[in-house]
Amino acid sequence: MRWFVALLSGTLFGAGLALSGMMDPARVRGFLDIFGAWDPTLAFVMGGAVIVMAGAWAIQRQMKGPALDETFSLPGTTKLDARLIGGSALFGAGWGLAGLCPGPGIASLSTSPVPAATFVVAMIAGMALYAALPSNRKD
């Protein structure tokens, strides 16, 4: 049952990315180009996501536990440090340059495989490099 819910959730997420235009690097770059030909359409996508997530958090607080797991897996820290800020800046720079982030990049493998595969391979290489750094090993 869990695999079916995961598959259904991923399919719904991918459909939402396609419908919203988040899989189109040109649209994403247009949204990030605030001093040029700015395209505000993704602001509505993000606003809609914030509204839905606010509702989900309100519902989660009322629940005794998740339907398909033992406990909720929620972020455990609110620490704002140099690693978080640096990682966020690196993510934003990559998003601006490529016009993709991990979710839309993987979903784009179905619509434009060659450019998306380039992005996904680079993303996986970055994850492997991060995992290989001595300060990030979990041995």
message: Tell me yes or no: at least one residue of region 25-40 is surrounded by 10 or more Cβ atoms within 10 Å (Cβ to Cβ) and over 15 Å from TRP95 (Cβ atoms).
response: yes
Search result, residues across region 98-139 that are modelled with pLDDT under 85 and hydrophobic (A, V, I, L, M, F, W, C): LEU133
message: Give all pairs with beta carbons closer than 8 Å in which a residue from region 68-80 that is closer than 19 Å to SER9 by Cβ and of a type outside the set (Phe, Trp, Tyr) meets a residue that is in a loop (DSSP other than H, G, I, E, B) and modelled with pLDDT of 80 or more; count only pairs at least 6 apart in sequence or on separate chains.
response: LEU68/MET1; THR71/GLY65
- line: So, first residue within 19 Å of VAL114 (Cβ to Cβ) in region 2-27, second residue among the hydrophobic types (A, V, I, L, M, F, W, C) and outside any helix (DSSP H, G or I), Cβ within less than 7 Å, six or more apart or across chains; the pairs are LEU17/MET23; PRO25/LEU100
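Tally time: how many residues in region 92-139 are among the aromatic types (Phe, Trp, Tyr) and under 17 Å from LEU17 (Cβ atoms)? Steps first, please.
Restricting attention to region 92-139, the residues satisfying the condition of being among the aromatic types (Phe, Trp, Tyr) are 95, 119, 130.
Going one step further and asking which of them are under 17 Å from LEU17 (Cβ atoms), we end up with 95, 119.
The total comes to 2.
Here's the yes/no breakdown for (1) exposed (fewer than 11 other Cβ atoms within 10 Å of the Cβ); (2) part of a helix (DSSP H, G or I); (3) modelled with pLDDT of 90 or more:
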{"residue": "GLY55", "(1), (2), (3)": "yes, yes, yes"}
{"residue": "ILE59", "(1), (2), (3)": "yes, yes, yes"}
{"residue": "ALA67", "(1), (2), (3)": "yes, no, no"}
{"residue": "PRO75", "(1), (2), (3)": "yes, no, no"}
{"residue": "LEU80", "(1), (2), (3)": "yes, no, no"}
{"residue": "GLY86", "(1), (2), (3)": "yes, yes, no"}
{"residue": "PHE91", "(1), (2), (3)": "no, yes, no"}
{"residue": "GLY96", "(1), (2), (3)": "no, yes, no"}
query: Among the residues of region 9-53 satisfying the criterion of being more than 16 Å from the chain's Cα centre (by Cα), over 17 Å from CYS101 (Cβ atoms) and in a helix (DSSP H, G or I), which is modelled with the highest pLDDT?
result: ILE51
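Could you say which residue among GLY96, GLY47, GLY86 is over 25 Å from PHE4 (Cα atoms) and touching a residue at least 60 places away in the same chain (Cβ under 8 Å)?
Only one candidate qualifies: GLY96.
The values are calculated or read from the model by the stated rules, or taken from the named source; none is laboratory data. Remember, it's a predicted structure, so these values are computed and weren't measured experimentally. With ideal geometry, Cβ positions are generated from the backbone for all residues, glycine too; neighbour counts draw on all protein chains shown.
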